[in-house]
Amino acid sequence: MNSSSFAATTRPRIAVSACLLGEAVRYDATDKRDAFVGDQLGECVELIGVCPEFELGMGAPRETIEIVDRDGELLLLGVESGVDHTVAMREFAERRVGQLLRAGVDGFVLKKRSPSCGVRGVPVLREGDRVEEGVGRFAAAVAELAPELPVADEAELAAPGRDDFLTAAFAGHRWRQFVSSPNHPGWRDLADFHALESSLLLACDERRAVELTRIVDGAAEKRQPLGPLVLEEYCRTFRRAVRRPISLLDHQRALTQLLGHLRSDSARQAANRIVQQMCAGIVCVESAKDSVLALLRDMTERSPSSPQVAVPHTKRAAARSSCGRSRRSLESNQGTPASSTPQVAVGQSYWRPFPPGLASDSGPGAPGG
Ligand code: SF4
């Protein structure tokens, strides 16, 4: 993916198996409309329907197809006729996925178990036995050509895994907005973007958060316009970082590091108690995050025009934050005398990575809802 040629869109763009959107494109000319995808998700993102089999010209209704493992080669064959669609599907998938990437998609939601769209657990015929371990042929092309983008099936979106998918897709869209801004972003802009995402990165992938800080610092040291290679390296690493599911331990680590911003012992003790309760399952992650955020807000100046929280960037806080170095080095590189209370952003992205109404534990689209 070329990070500097993304299409600009006001909302995240998600490519979706068309049958999940209610289009009657299945083999029996029916659909598999998914209420969460079609209604709730569709209100917050731009959905692009894609049906590999229909768009390939197979029509609806059509013969069903299956994946057959023949001496290690995975073929896509008509169940009755044995017609081989393998090459046609591969060529179509490469073309269509390329188109979708150029259109700036931030993720894929694909129909489970389909020999074309299934992300995992797709039946494969091997030596007369059916084993559920395959990947649909279109989905395989997505994984190969867009390894940085989040991909989920509709079942995963009906489970807590939904939050990880949405976190990655919305973060990818924020990046796309950043690089497609009419004013070519400079290294100061990149540092600001990085600061806003720093808390989320810390929670998602601490190792890559450090790598990203190194990229930003390298760009700042050169003090030259940002080249495409820097943007591409940042983009690739950023997207891979935010794709990583956030575990309870990750939240604990991120929140504990953020507590370093609290100057009062009593506030820190209160926040520590909340984090312990979260680890013990007494309070949910979102409540714990909200409580810690409230404590951080209590001791910060908050800009009414921005949802982000800015906290004084103390040396101690910087030392505790894996992402803290970049802003410091930028300040010194700019020759700006460090003020007594330089600001570091505790980015909004960690506290509200996507619209709360989409969360797996909210509303009628919640599992079992
Ligand atoms: S699963 Fe994929 S190929 Fe099958 S009908 Fe749905 S969109 Fe089309």
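Laid out as a table, the results:
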read-out: Boolean, ILE246 is within 24 Å of ASP163 (Cα to Cα), out of contact with any strand residue (DSSP E or B) (no Cβ under 7 Å at 6 or more places or on another chain) and of a type in the set (Val, Ile, Thr); value: yes
read-out: Whichever residue in the range 179-215 is among the small types (Gly, Ala, Ser) and over 16 Å from the mean Cα position of the chain (by Cα) and, among such residues, is nearest to GLU286 (Cα to Cα); value: ALA195
read-out: Cβ pairs under 6 Å, 6+ apart, first in the range 241-258 and under 9 Å from LEU202 (Cβ atoms), second among the polar types (S, T, N, Q); value: GLN257/SER321
read-out: Which listed residue is over 22 Å from ASP34 (Cα atoms) and in contact with a strand residue (DSSP E or B) (Cβ under 8 Å, 6 or more places away or on another chain), from GLY134, GLY118; value: GLY134
read-out: Any hit, the range 93-101, residues being surrounded by fewer than 21 Cβ atoms within 10 Å (Cβ to Cβ) and in contact with a Ser or Thr (Cβ under 8 Å, 6 or more places away or on another chain); value: no
read-out: Helices (runs of 4 or more DSSP H) (entirely within the range 218-304) containing at least 1 residues that are over 30 Å from ASP189 (Cβ atoms); value: 248-258, 265-279, 285-298
read-out: Strands (runs of 3 or more DSSP E) enclosed by the range 1-91 - at least 2 residues per element that are out of contact with any helix residue (DSSP H, G or I) (no Cβ under 9 Å at 6 or more places or on another chain) and away from the ligand (no atom under 15 Å from the Cβ); value: 65-70
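Results for (1) buried (at least 21 other Cβ atoms within 10 Å of the Cβ); (2) at negative phi; (3) in contact with a Pro (Cβ under 7 Å, 6 or more places away or on another chain); (4) without any contact (Cβ under 8 Å) to a residue 12 or more places away in the chain, shown as yes or no for each residue.
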site	(1), (2), (3), (4)
GLY128	no, no, no, yes
HIS173	yes, yes, yes, no
VAL179	yes, yes, yes, no
CYS204	yes, yes, no, no
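Every number here is computed from the coordinates shown, using simple stated rules; none is lab data. This one's a predicted model, so the numbers in the text were calculated from it and none came from an experiment. Every residue, glycine among them, receives a Cβ derived from its backbone with ideal geometry; neighbour counts consider all protein chains shown.
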